[in-house]
Amino acid sequence: MKQNRFKKLVSLLLLCCLLLTFPLGALALSFTDVPEGAWFRDDVAFVYEQGLMNGLTATSFGPGNNLSRTMLVTILHRMAGEPAASFSPVFSDVVTGRFYTTAVMWAVQNNIVDGVGDGRFAPADNLTREQFAVMLHRFADSQDMDISVPATWNLNNFTDHAQISTWAATALRWANYNELITGVTTTTIVPRGAATRAQGAAIIHRFVTAFTPLAESPSYELLPETADYDTQDS
């Protein structure tokens, strides 16, 4: 038990170090698809400068591209300090030697991810917004972060709240309560819609800011996660 707590403390310290290593704005963004004035620019700058997300190419971030399941697992693994994890054939579609193999094994061993059924992880599948909430919620729990939500908090103000899967309800309530996942519009949360890379950058930025004491105060306004970005694939 003490060893597990020590590992979690180390992970949190590593996450804090990320925030001190590269102050926001220290690196010039070279992504041509992240223009000045874009609602996600500060978020992309943050996750890129902290080494949590990379570009698809040297000049393209792909803000409108969908985030895959392995992309988020890789981000969470980096936030934890990239700890080692032994390989085991848990999933038929996750083999040794891939860029995400260690991250997936770590996530499985820390109860952050499950498969999609039939012994598969579906690494290249689009990550849904409710899957995002579940993985982030489990990550926060694994790091002994506060995952409490007032019993009175609900998502009934979203007209599509009935589409939220039962297994994701608790996590999505937590993510919304902490203003990590707001809405695609003011009245819809689109739980089963694919999360974009721009949305992913915004959610991770909000999470680190909210749950890491050394994080800078957010400089952006929490607007609906509108799709007003270039959606052309890179």
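Between the range 111-177 and the range 77-103, the C-alpha centres lie 21 angstrom from each other. The order of the peptides 31-44, 172-185 by mean Cβ neighbours within 10 Å, most packed first, is 172-185, 31-44.
Distance distribution P(r), the range 68-125, all Cα-Cα pairs, bin width 5 angstrom from 0: 4, 21, 36, 28, 9, 1, 0 percent. Note on Phe87 and Asn154: their simple-model spin labels are 4.8 nm apart, each label 7 Å out from Cα toward Cβ. Exposure proxy shown here: for Ser86, Ser68, the number of other Cβ atoms within 10 Å sets the order, fewest to most, as Ser86, Ser68.
Every number here is computed from the coordinates shown, using simple stated rules; none is lab data. Nothing here was measured: the structure is a model prediction, and the numbers come from that model. No Cβ is skipped: glycine too gets one built from the backbone with ideal geometry, and neighbour counts run over all protein chains shown.
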